[in-house]
Amino acid sequence: MIDVHDGPRLDALRSRLRLDPHRLKRLRVQLLKNHRGIERALDELPSELRAEFAAQVRFHHLELVQHRDSEIDGATKLVFRTDDDLRIETVILRARTGRTALCVSSQVGCGVGCDFCATGRLGARRNLTRGEVLDQVVQANTRLASEGRAVRNLVFMGMGEPLHNEAVLHEALESLTQTHCFDLAPAHICVSTVGIPAAMVRLAQRFPRVRLALSLHSARQDVRSRLIPLARHHDLDELRSAVAEVTRVQGQPIMLEHLLLDGLNDGAEDLEALVAWIGDLPVHINLIPYNPIPDAPLLKSTPKPRREAFANELKSRGFRVTLRYSLGADVTAACGQLVRDENRREARR
Ligand code: SAH
Ligand code: SF4
């Protein structure tokens, strides 16, 4: 079968079928950009070619097995099954402004193993394919079409470390931003990484307008290494040089994500280290409350008043700061809570 996202192979099929290139282009636009579904997209082809085309092309790469709507905040968690019977999750975030964001996964599990993250506790299972990454967007859009909504913003903040699946990430970003494919604005896409310096720079060079978010969490080497095992391999100096290069290449600030964990990385010393590490780098700081996970019973979120005080102190030093409020906690769709249970069962089998 030919992947519907594989331009060159699709084009070869088109030529074998003697199909007009404009027809194929319209089919993909209907499917990927206008969210019309497979039937409607196939209508773009001459009727005698539809069955043969459909028999040779793979449109979906994931099977939707569950969806849970949050009762409190308009988040929907979609659970997908892969061909090899693993589970991945995607979260639809409906903002009050009417805009819709999608949080997509890039891997099953994650090899980085951060202490505070449910996905990390699963370990690395495998990278998603390009088809699996993009089908999360296709299927979310199909669901959203009935509400008159469409994905406008995309964040790679679901399961996995996107820069550990770099080739697929780059291919997916190409499709997502091409006008005759998904046609999303690069500035509306954000890739969140735990911090792999060389890959961050490569991403910035190839996609200068795609936003980058760095999960810093601490500017103290010992604290960061305790929270994020990978931090031992890429120290804070190396990371800072990469951020300097990324912001130079992109000419836009980078987002620094900082989880606030009670007593671990939220004190005066932590704040001073952060300010010193940032120096004159153009950054936007996003402070994140910790969403508890069962595997890390000793970690606690910094209480809200202290999160606000931390934010205010940074603001008074001239930084741009936002406090993130996680959506979807009641359907375990909040940051760091994404699925493990089914995958764990699968691993035991
Ligand atoms: N691997 C990438 C992207 C996926 S994680 C990264 O680490 O950046 C997306 C975000 O969720 C990261 O900022 C991560 O630190 C955060 N996160 C993970 N576990 C969390 C938890 N339990 N509570 C709140 N945020 C969490
Ligand atoms: Fe992986 Fe990101 Fe979770 Fe760390 S926070 S384990 S890098 S998904």
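Here's the list of lysines a cross-link from residue 304 could span, going by alpha-carbon distance under 29 Å and ignoring same-chain residues fewer than 8 apart: 77, 315.
Rounded if a/c is under 1.5, else prolate if a/b beats b/c, else oblate: with a ≥ b ≥ c from the C-alpha gyration tensor eigenvalues square-rooted, which is the range 117-206? Numbers along the way, then the final one.
On the way: a/c = 1.99, a/b = 1.34, b/c = 1.49.
Oblate is the answer for the range 117-206, as a/c is 1.5 or above yet b/c matches or exceeds a/b.
Can you give the % of DSSP beta bridges in the chain that are antiparallel, to the nearest 5? Write out the running numbers ahead of the final one.
Numbers: 21 of 47 bridges.
So the antiparallel bridges amount to about 45 percent of the total.
Working from Cα pairs under 8 Å separated by at least six residues, relative contact order for the range 55-208 is 18 percent.
Within the range 277-291, find all residues whose amide N lies under 14 Å from a label point positioned 7 Å from the Cα of residue 187 along Cα-to-beta-carbon. No residue qualifies, since no backbone N sits under 14 Å from the label point. Bridgeable lysines around residue 33 (alpha carbons under 17 Å apart, same-chain partners fewer than 8 residues away excluded): 25.
Please compute the length gained on full extension between residue 95 and residue 280, using 0.36 nm multiplied by the number of residues separating them and subtracting their Cα-Cα distance. Can you show the working numbers first?
On the way: separation 185, 0.36 × 185 = 66.60 nm, distance 3.22 nm.
Result for the pair: 63.4 nm of gain on full extension.
Ordering 200, 1, 255 from the fewest to the most neighbouring beta carbons within 10 Å gives 1, 255, 200.
Label-to-label distance for residue 84 and residue 179 is 3.9 nm, based on points extended 7 Å past Cα in the beta-carbon direction. The Cα center of the range 209-240 and the Cα center of the range 4-19 differ in position by 43 Å. Multiplying the residue separation of residue 313 and residue 146 by 0.36 nm and subtracting their alpha-carbon distance yields 55.7 nm.
Tell me what the chain gives for mean residue ellipticity at 222 nm when only DSSP H runs of n ≥ 4 count, each as -39,500 (n - 2.57), the sum divided by the residue total, rounded to 500 deg cm²/dmol. Kindly include the intermediate steps, with their values, before the conclusion.
Working: 13 runs with 130 residues, N = 349.
Taking each H run of at least 4 residues, the total per residue is -11000 deg cm²/dmol.
Note on residue 226 and residue 245: their simple-model spin labels are 3.1 nm apart, each label 7 Å out from Cα toward Cβ.
Sequence-distant contacts, meaning Cα pairs under 8 Å at least 6 residues apart, place the relative contact order of the chain at 16 percent.
Where a number appears in this text, it was derived from the coordinates with a stated rule and is not lab data. Source: prediction; values computed, not measured. Cβ coordinates were reconstructed from backbone atoms using ideal geometry, including for glycine residues, and neighbour counts include every protein chain displayed.
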